[in-house]
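Structure record follows, encoded as structure tokens.
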Amino acid sequence: MSEGATVVVGGTRAIGLEIVRHYATLGGEVVLTGRDAEAAAAAAASVGGAVRGIGFDLARPESIAPALAGVGHVHRLVLAAIDRDANTVKDYDIGRAIRLATLKLVGYTEVVHALLDRFDDATSIVLFGGMAKERPYPGSTTVSTVNGGIVGLTRTLVEELRPIRVNSLHPGIVGDSPFWESKPEAVENYRSQSPTGRLATMADIVGATVFLLENGSVNGVELIVDGGWHCR
């Protein structure tokens, strides 16, 4: 059996796409997914090599298994897809809250369920959460709740999938991501609060993801990559 593919869910842009590029340079098969099939195919083509794109919406979990039907043996699975929801209890938007909770918790779980028969004992999984679970802010009602749920999902998958390793990664502000590049004042404010005097970069997050995927003794870890900002 070949080593198997690296599957990156949410791999069409930003950190997800950088993870795709990393594993593509190693020469193995990489499958990236995005909400839109055309965008996923275009992202795969931009990387080249043995990279292909698949489209499905994590917030429509019933669409996931059919979309992944053509994926073979999976050696690494990265669940990096994110969405943002500025939602408060006072002005609660139920539709937006349900979409994000479905995407990150039900959708992530359904990806694992759909691919389960294509894992082996050496498969490793990384789930992306976020620092809103540690440092809530006005409007993070759903985001903080869902990212806390990623910790619970990681722990239950460690037990249910043993000996497959499952870890979660919680990035802080990633200063060179496309989302933050257009907000220099906010980036500088966060940078000034960081104990390291710098913000995480996309390369830092890729390196942390690779560490969690490849280190055979790391399991059930909730890795925070924020330069110590969460300690303040």
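Quick note: the coordinates plus some simple rules give every number you see, no bench work behind them. Note that this is a predicted model, so its numbers are computed, not measured. All Cβ positions, glycine included, derive from the backbone under ideal geometry; neighbour counts span all protein chains shown.
Between ASP121 and ALA50, the FRET efficiency estimated from the beta carbon spacing at R0 = 25 angstrom works out to 0.60. The charge dipole of the chain, taken about its Cα centre with unit charges on the Cβ of Lys, Arg, Asp and Glu (plus for the first two, minus for the last two), comes to roughly 360 debye. Distance between the 7 Å Cα→Cβ label points at GLU185 and CYS231: 3.1 nm. The label point for ARG13 and the one for ALA86, both projected 7 Å from the Cα toward the Cβ, are 1.7 nm apart. Between GLY70, GLY129, GLY148, the Gaussian network model of the chain with springs among Cα atoms under 10 angstrom shows the greatest mean-square fluctuation at GLY70. The long axis of helix 141-161 is offset from the longest Cα principal axis of the chain by roughly 30 degrees. Using 0.36 nm per residue and subtracting the Cα-Cα separation, the extra length available between ALA39 and THR25 on full extension is 3.0 nm. Taking segment 149-180 and a reference point 7 angstrom along Cα→Cβ of ARG96, no backbone N atom is nearer than 16 Å. Restriction of the GluC sites (Glu not before Pro) in segment 1-43 to DSSP coil positions whose beta-carbon has at most 14 other beta-carbons within 10 angstrom yields GLU3. Per-residue extension of 0.36 nm, minus the Cα-Cα distance of ASN215 and ALA203, leaves a gain of 2.5 nm for this segment. Between the Cα long axis of helix 202-214 and the first principal axis of the chain there is an angle of about 50°, rounded to the nearest 10. By the equivalent-ellipsoid construction on the alpha carbon gyration tensor, the chain comes out with semi-axes of 27, 20, 18 Å, ordered largest to smallest.
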